[in-house]
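Here's the structure we're looking at; comments come further down.
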Amino acid sequence: MAKHEDAAPAIDVQGGKGRPTPKRKEREAANKRPFIVDPKADRKVRQTQVRERRAKEQQALLTGDERHMPAEHRGADRKLIRTYIDARTGLGEFLLPIAVVFVVASMFFNNNPNVGGLIVLAFYVFVLVTVGETIWAQRQLRALLLDKIGTSGLRRGWRLYATARMFNIRRLRVPRPVIKRGEFPT
């Protein structure tokens, strides 16, 4: 058998990596360091980041910019709910002012039980009509949501989100309404 002259020469391997292997104690000591180097400075940095994020969210709630809104207001379903509720005029948005009027009226007529009873009865009727109108509006909204988004796009809590928006006075709604009354989604 002939020896191959074109075979690669054997590599001369020198032992080691040029430094001693660190002891376990040294490695553990190197890994022991505080998670936060300077807690006071880190807290200030986090506070400024949180403040900036909240300012962006607040500005987005006022302008309707959905990219920077908080998570509970983002999404196609929430936008459709806001659009539908803001387009309609419901009794729910007048419930709080009318409740104040009924309380003041019942204070003035508390010595006459017949008038006071009628005031309380009228308020109860108004509340029941408002609840009925809210249920009716939710049924219409559900049909619209299923038509536009489908069942996969509906998140939990959409009824509560819609009801809370219906019972808010239009000027106090957050996110602010971006459409006028009567501009229903198509």
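All of the numbers you see were taken from the coordinates with simple rules; none came from a lab. Please read these numbers as outputs of a predicted model, since none were measured by experiment. Here the Cβ is made from the backbone with ideal geometry for all residues, glycine too, and neighbour counts use every protein chain on show.
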Going through T163, T134, T83 one at a time, which residue ends up being more than 24 Å from G64 (Cα to Cα) and surrounded by 14 or more Cβ atoms within 10 Å (Cβ to Cβ)?
T134
Go through segment 146-162 residue by residue and tally those that are touching a residue at least 40 places away in the same chain (Cβ under 8 Å) and in a helix (DSSP H, G or I).
5
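Mind counting the residues in segment 166-182 that are surrounded by 15 or more Cβ atoms within 10 Å (Cβ to Cβ) and within 20 Å of P97 (Cα to Cα)? Even if it seems obvious, please write down each step before you answer.
Pass one, segment 166-182, residues surrounded by 15 or more Cβ atoms within 10 Å (Cβ to Cβ): 166-168, 170, 173, 175, 177.
Those left that are additionally within 20 Å of P97 (Cα to Cα): 166-168, 170, 173, 177.
Final tally of qualifying residues: 6.
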How about segment 58-106: which of its residues are among the acidic types (D, E) and touching a Pro at 6+ places or on another chain (Cβ under 6 Å)?
D86
